[in-house]
Amino acid sequence: MAKLGVNIDHIATIRQARKTFEPDPVEAAFIAEKHGADQITIHLREDRRHMQDRDLRILRETVQTKLNLEMAPTEEMVAIAKAVHPDMVTLVPEKREEVTTEGGLNLELKGLEEKIQELKKAEILVSVFIDPDNEVVKMAHKLGADAVELHTGYFANAKTEVDIDKEVERIKEAVHVGKKQGLYVAAGHGITYFNAHYFANIKDIEEYNIGHSIISRAVFVGLGRAVQEMKALIS
Ligand code: PXP
């Protein structure tokens, strides 16, 4: 059965909107795990727009499943990962001006192989977030990555059934190549309650990392009760 990694960055985004104590991603991780999450995924961005160093430190202590740290392949982030020791690091590209991660990581980046090896030497599993492209998957294997996370954003943005099918086929092939290379294959970005069914026939995807759609749904699943509770409190 595929594993579910729940990305809880948006919880921190709400907290940072007021720079207060709530909602706390630590509590979010606890609830997600209690309800079946197999992994907690967080992205420590260079500008610390949502997750903070404190979140990573405490989550390392409290997460009972697996902690997957998404981060840019920079010296600062490698040092943080080595100090905190998440179960897995997923290397992602990062641009300050982007709203979210836009494309897969460029595996030709100078110094990338060294950083992968440095993390592996520290006994951290290393995944790379890449476009679902056969050659890129092979290159990830060559660089020594343990895992790949295939970027499903192109699929999620596809508008017509023809384009969606094309993207699903591309992902399917990339999954196949990844498995053949002995890589752990994950997928993520833009997966929702409405499009997840397209992956039903790609059995070899071992893990999905999903954030935006789960947190969006959580707002509405919980809003009614939150209003009732405040109404009771003020009366
Ligand atoms: N995987 C990676 C590498 C990501 O950068 C993100 C977004 O932070 C996700 C998965 C989750 O994407 P979404 O929030 O669209 O579900």
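The values are calculated or read from the model by the stated rules, or taken from the named source; none is laboratory data. Since we're looking at a predicted model, the values are computed, not measured. Because the Cβ atoms are built from the backbone with ideal geometry, glycine has one as well, and the counts that use them run over all protein chains shown. Surface areas here come from the heavy atoms of the whole protein model, side chains and all, with no ligands, DNA or RNA. Shrake-Rupley method; radii C 1.70, N 1.55, O 1.52, S 1.80 Å.
Using a 1.4 Å probe on the protein heavy atoms only, what accessible surface does GLU113 show? Give it in Å² to the nearest 10.
80
What distance in nm separates the two pseudo spin-label positions at VAL99 and THR20, each 7 Å out from Cα along the beta-carbon direction?
2.5
If you put +1 on each Lys and Arg Cβ and -1 on each Asp and Glu Cβ, how big is the dipole of region 1-130 around its Cα centre, in Debye rounded to 20?
Taking the Cα centre of region 1-130 as origin, the dipole is about 240 debye.
Dipole of the chain (Lys/Arg Cβ +1, Asp/Glu Cβ -1, origin at the Cα centre): which of ALA12, ILE31, ALA174 lies farthest to the positive side?
It is ILE31.
Residue by residue through region 19-35, what is 3J(HN,Hα) from phi via Karplus (6.51 cos²θ - 1.76 cosθ + 1.60, θ = phi - 60°)? Round to whole Hz and write x for glycine and proline.
6, 10, 9, 10, x, 9, x, 5, 5, 4, 5, 4, 5, 4, 5, 4, 9
Taking 0.36 nm per intervening residue step and subtracting the Cα-Cα distance, what contour gain separates ASN201 from ASN106 on full extension?
31.4 nm
Report, by chain and number, residues whose modeled amide H sits under 5 Å from the one on ASN209, excluding near sequence neighbours (fewer than 5 apart, same chain).
Amide H neighbours of ASN209, under 5 Å, 5+ apart: GLY5, ALA187, GLY188, HIS189.
Of all the accessible heavy-atom surface of the chain, with the other protein chains kept in place and a 1.4 Å probe, what percent is carbon and sulfur?
56
Principal axes first, then extents: for the Cα atoms of the chain, list largest minus smallest coordinate on each axis, whole Å, largest first.
Rounded to whole Å, the extents work out to 63, 44, 34 Å.
Report, in debye and to the nearest 20, how large the dipole of the chain comes out about its Cα centre when Lys and Arg carry +1 and Asp and Glu carry -1 on their Cβ.
540
Within region 146-211, which trypsin sites (Lys or Arg not before Pro) sit in a loop by DSSP and count at most 15 neighbouring Cβ atoms inside 10 Å?
Sparse-neighbourhood loop trypsin sites (Lys or Arg not before Pro): LYS159, LYS203.
For SER213, what accessible surface area do you get with a 1.4 Å probe? Give it in Å², rounded to 10.
Approximately 20 Å² of SER213 is accessible to the 1.4 Å probe.
In percent, what relative contact order does region 1-69 have, based on Cα pairs under 8 Å that are 6 or more apart in sequence?
Value for region 1-69: 36 percent.
Give me the one-decimal nm value for the distance between modelled label points at LYS120 and LYS82, 7 Å along each residue's Cα-to-Cβ direction.
Spacing of the two 7 Å Cα→Cβ label points: 1.6 nm.
Counting only C-alpha contacts under 8 Å and six or more residues apart, can you give the relative contact order of the chain as a whole percent?
17
Full extension from LYS166 to ASP53: what is 0.36 nm times the residue separation minus their Cα-Cα distance, to one decimal in nm?
Here the answer is 36.7 nm.
Quick one: which residues, 5+ away or cross-chain, put their amide H under 5 Å from the amide H of TYR184? H built at 1.01 Å from N.
ALA147, VAL148
Quick check: convex hull over the Cα atoms of region 142-206, volume per residue in Å³, rounded to an integer?
82
Based on Cβ point charges of +1 for Lys and Arg and -1 for Asp and Glu, what charge dipole magnitude is obtained for region 108-203 about its Cα centre, in debye rounded to the nearest 20?
240
To test your reading of the geometry: what angle, between 0 and 90 degrees and rounded to tens, separates the Cα axis of helix 53-62 from the longest principal axis of the chain?
For 53-62 against the chain, the angle is about 90 degrees.
Against the longest alpha carbon principal axis of the chain, how many degrees, from 0 to 90 and to the nearest 10, is the axis of helix 75-84 turned?
That works out to roughly 60 degrees.
Keeping every protein chain in place, order PHE30, PHE155 by accessible area at 1.4 Å, biggest value first, i.e. largest first.
Largest accessible area first, the list is PHE30, PHE155.
For region 33-99, run through the trypsin sites (Lys or Arg not before Pro) and keep only the ones in DSSP coil with at most 11 other Cβ atoms within 10 Å of their Cβ.
The qualifying sites are LYS95, ARG96.
With axes computed from alpha carbons, what is the tilt in degrees of helix 112-121 against the longest principal axis of the chain, rounded to the nearest 10 within 0 to 90?
That works out to roughly 70 degrees.
With a 1.4 Å probe and all protein chains left in place, how much accessible area per residue does region 1-158 have, in Å²?
It amounts to 49 Å² per residue over region 1-158.
Determine ³J(HN,Hα), in whole Hz, for all residues of region 156-169 in sequence, where each value follows from phi through the Karplus function 6.51 cos²θ - 1.76 cosθ + 1.60 and θ = phi - 60°; x replaces Gly and Pro.
4, 8, 5, 9, 9, 4, 4, 5, 4, 4, 4, 5, 4, 4
Can you compute the helix-only [θ] at 222 nm over the chain? Use -39500 (n - 2.57) per DSSP H run of at least 4 residues, normalise by all residues, nearest 500 deg cm²/dmol.
-14500 deg cm²/dmol
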